[in-house]
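Colleague: One structure is given below, represented as structure tokens, and several questions about it will come after.
The values are calculated or read from the model by the stated rules, or taken from the named source; none is laboratory data. Note that this is a predicted model, so its numbers are computed, not measured. Note that we place each Cβ from the backbone using ideal geometry, even for glycine, and neighbour counts take in every protein chain shown.
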Amino acid sequence: MPTVALGETYLDPAATETVIEFPDNRLLIDLCGQYDRNIAQLEQAFGVEIRRRGNQLAAYGPVEARGQAHAALVALYERLESGRTVEPADIDAIVRMGPAPEEPAAPDEQLD
């Protein structure tokens, strides 16, 4: 069973699950949503099953769908870490457009 650290991608096509470990259980509760409604929304959108085990979420399904679910879960968790909330519209936006790209480099950090 492969374990995927937050933000790290390890997708083994032979594996049947992708596991993500979250360091803060309070944020994980917010990530899952009331009655796990956020998880249900992601499961429906990506065609995966997501199970909660302590401070871990395990996604089951096709490797590509697990990868998409992984990216969405990480993006939503990072949103919570930054002090913002996760609403159904936020999940819908991530599903439709994918996770937001990383911040662009400052002009003095960019290569010519």
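Colleague: Condition test on ARG96, is it of a type in the set (Lys, Arg), in a helix (DSSP H, G or I) and either at pLDDT 95 or above or in contact with a strand residue (DSSP E or B) (Cβ under 8 Å, 6 or more places away or on another chain) (or both)?
Modeller: Against the criterion (of a type in the set (Lys, Arg), in a helix (DSSP H, G or I) and either at pLDDT 95 or above or in contact with a strand residue (DSSP E or B) (Cβ under 8 Å, 6 or more places away or on another chain) (or both)), ARG96 does not qualify.
Colleague: Working only within region 1-30, note down all residues that are of a type in the set (A, V, I, L, M), in a loop (DSSP other than H, G, I, E, B) and either at pLDDT 95 or above or touching a helix residue (DSSP H, G or I) at 6+ places or on another chain (Cβ under 8 Å) (or both).
Modeller: Within region 1-30, LEU6, LEU11, ALA15 qualify.
Colleague: Just name the residue that is nearest to THR18 (Cα to Cα) out of those in region 31-74 that are of a type in the set (Phe, Trp, Tyr) and part of a helix (DSSP H, G or I).
Modeller: PHE46
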